[in-house]
1. May I ask for the distance between the Cα centers of the stretch 46-106 and the stretch 162-184, given as a whole number of Å?
2. Can you divide the C-alpha Rg of the stretch 2-139 by 2.2 N^0.38 Å and report the result to two decimal places?
3. Determine the gain in length on full extension of the stretch residue 189-residue 15; use 0.36 nm per residue of separation and subtract their C-alpha separation, reporting nm with one decimal.
């Protein structure tokens, strides 16, 4: 079973998420917290596999709590919940703090369960409805200067991998990339995994930033 700690200052949100999780196989809610400080206490006590973290909370917010959680000896994965329209400025901070994904609070139950299972499997989880906006927000703040070796890493990709990376960097989902390139969604997922490995990126957002700085068909031209 994958254990989950829910962190949100709204009890109704926690109750709704708990109901969704309990409807899924292989997932269990082991605790709840209403602010970042209590999240740290509960995480130390319960040792959850995943922490579902709200961003804006009284006291210690979700960004600070994520930094602290990731510094633990056996850190849980952190999946950030966001209303996004009001929280775009926090995106890069959350990624820098160690969050492995973003999910909208009003995401369908199926998307939420899929995100939890992806995180449990060690994959970064960005809901299709938010991925493009996450990438866009991060790229707007990204310096255009190419880091040492990034351009070379991109050049070493195969032509097909570069095609996939170009569309990924535009915020397209696997399904949309597949439709554009005439590939199945599963095939695209395989390409994305290979690209992340070859670029040394932890998630799609980091890969998009590398593509942007390497000027691979992104907003940089």
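1. About 27 Å separates the Cα centre of the stretch 46-106 from the one of the stretch 162-184.
2. On the way: Rg = 13.3 Å, N = 138, 2.2 N^0.38 = 14.3 Å.
Dividing the Cα radius of gyration by 2.2 N^0.38 Å gives 0.93.
3. My answer for the length gained is 59.4 nm.
Only the coordinates and a few stated rules stand behind these numbers; no lab work does. All values reported here derive from a predicted model rather than from experimental measurement.
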